[in-house]
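First up is the structure itself, then whatever we jot down about it.
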Amino acid sequence: MQNISLTYPDVGEDEAKAVYDVVMSGWLHEGKNVRLFEQNFAKYCGADHAVAFFNGTVALHATLYAYGIGPGDEVIVPSFTFISTANCVRHAGAKAVFADIDPQTYCIDPNDIARQITPTTKAIIPVHYGGQPADMSAISDLAEDRDLILIEDAAEAHGALHHKKSVGTWGDAAMFSFTPTKNITTGEGAIVTTNDSVIEKKLRLIKDHGQIDKYLHVMLGYNYRMTEMQGAIGIVQLKKLDAILQRKQSIANRFNSGLKDIGVFTLPYVMKHNTHTYMLYTIRVNDGIDRNKVMKKLTSFGIQSKVYFPPVHTQPCYANIGYGRVSLPVTESVAREVFSIPCHSRLKGNEINYIIESLHRAAY
Ligand SMILES: *Cc1c(COP(=O)(O)O)cnc(C)c1O
């Protein structure tokens, strides 16, 4: 029987060698490898600055803190996301306000963002769901119009383009995560991009206890630094990103043609002027099809699948503090009907065919 995992980090000898060199150098904490990773990443996105962090969650928290977002402020986020997006708002002491998603891209809906804006709204954090940019042209117009800070949660979308412009350059700042489920990884890790040099300096203070000089702390900060091992892996991974994205695009193309005749699945929709980087290949079952039954059959065929994501507002740590009354009809129905299948860059040709055949058998 096959045993195909949902994700599989594309790492090997080159990353191992990079870590080996760091360890042998004796300099393990943030240093020249992290600096070079930041510079290369900024250049890759076309952003002026990039600041590395230990993971995406602390990176988003630091970004909100750098913009002075805190108690009394509201921040609009999708509920159809990894819980980190909303948790960071709460960690900052602000209130997370959920907006519904677009039923085709599963990204936050600009029209619903507009409906959720109040006099205390400070920022918007759109998520590029599964590797496809949210409607950033509409959202950045809205943010500018209403004088709101725009922070992209680009955790899942390294290298994705909207109107030929990279994610990470559409808002005031953007966060990219490098956990092993993303298209490139450093084990744990993240980078924040921004064109604002004042914010860049603040981020560097926040991640290092507000230290501006040896043991001179000018603001309350945290220890959110990246390690040199992460930086060294990141340099190697970033060089592979375009090849990984190309491979994933060709796998997605094979899925698109192999699955389109099944008739009971809605396949990923790519919005005009977007590229999709397929961190996730997400399928939605049509009316009358039991999503959980399809997933169980896939499991019995040795294929892992997963629901990204159960809505944040329905999680006990949100529902129990009043979010249980929130109604997000599109988010709720999409979350009942989607599942994501393996689409990692190390899938072999026969595995891709097997996944397609298995979905034909699992559909009915
Ligand atoms: C992965 C991810 C994050 C950050 O996760 P970390 O594990 O903390 O790096 C944030 N938002 C979204 C949408 C993600 O997928």
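Per-residue answers, yes or no, for (1) within 15 Å of the chain's Cα centre (by Cα); (2) more than 12 Å from the ligand (Cβ to nearest atom); (3) closer than 22 Å to Glu74 by Cα:
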residue: Thr121; (1), (2), (3): no, yes, yes
residue: Val127; (1), (2), (3): yes, no, yes
residue: Pro133; (1), (2), (3): yes, yes, no
residue: Phe178; (1), (2), (3): yes, no, no
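Taking the condition of being surrounded by fewer than 24 Cβ atoms within 10 Å (Cβ to Cβ) and among the polar types (S, T, N, Q), how many residues in the range 162-210 meet it?
Selection size over the range 162-210: 7.
Tell me, yes or no, whether the range 164-172 has at least one residue that is within 11 Å of the ligand (Cβ to nearest atom) and among the hydroxyl-bearing types (Ser, Thr, Tyr).
no
Residues of the range 221-277 being of a type in the set (Lys, Arg) and within 30 Å of Lys207 (Cα to Cα), which ones?
Those that are of a type in the set (Lys, Arg) and within 30 Å of Lys207 (Cα to Cα): Arg225, Lys239, Lys240.
Tell me which residues, restricted to the range 259-287, are among the aliphatic types (A, V, I, L, M) and within 16 Å of the ligand (Cβ to nearest atom).
Within the range 259-287, Met279, Leu280 meet the criteria.
Residues being farther than 29 Å from Leu267 by Cβ and either crowded, with 24+ Cβ neighbours inside 10 Å or more than 10 Å from the ligand (Cβ to nearest atom) (or both): count how many of those fall in the range 77-109.
Qualifying residue count, the range 77-109: 10.
Can you pull out the residues in the range 181-211 that are more than 17 Å from the chain's Cα centre (by Cα), more than 16 Å from the ligand (Cβ to nearest atom) and not hydrophobic (A, V, I, L, M, F, W, C)?
Asn195, Asp196, Ser197, Glu200, Lys201, Lys202, Arg204, Asp208, His209, Gly210, Gln211
Condition first: out of contact with any Asp or Glu (no Cβ under 8 Å at 6 or more places or on another chain) and more than 20 Å from Gly349 (Cα to Cα). Now tell me which residues in the range 268-282 satisfy that.
Within the range 268-282, Pro268, Tyr269, Val270, Lys272, His273, Asn274, Thr275, His276 qualify.
Looking only at the range 273-299, count how many residues are hydrophobic (A, V, I, L, M, F, W, C) and within 19 Å of the chain's Cα centre (by Cα).
Of the residues in that region, 3 qualify.
So that you can scan it fast, the table gives a plain yes or no per residue for (1) within 19 Å of Pro103 (Cα to Cα); (2) surrounded by 12 or more Cβ atoms within 10 Å (Cβ to Cβ):
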site	(1), (2)
Leu280	yes, yes
Ile283	yes, yes
Val294	no, yes
Pro310	yes, yes
Ser327	yes, no
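Being touching a helix residue (DSSP H, G or I) at 6+ places or on another chain (Cβ under 6 Å) and touching a residue at least 12 places away in the same chain (Cβ under 8 Å) narrows it down to one residue among Ala86, Ala94; which is it?
Working: Ala94 fails: touching a helix residue (DSSP H, G or I) at 6+ places or on another chain (Cβ under 6 Å).
Sole residue among the options that is touching a helix residue (DSSP H, G or I) at 6+ places or on another chain (Cβ under 6 Å) and touching a residue at least 12 places away in the same chain (Cβ under 8 Å): Ala86.
Just give me the residues in the range 300-317 being under 19 Å from the mean Cα position of the chain (by Cα) and among the small types (Gly, Ala, Ser), in sequence order.
Correct list: Ser305 only.
Throughout, read-outs are computed from the coordinates displayed, never taken from laboratory work. As the structure is a computational prediction, the values presented were derived from the model and not from experiment. Cβ coordinates were reconstructed from backbone atoms using ideal geometry, including for glycine residues, and neighbour counts include every protein chain displayed.
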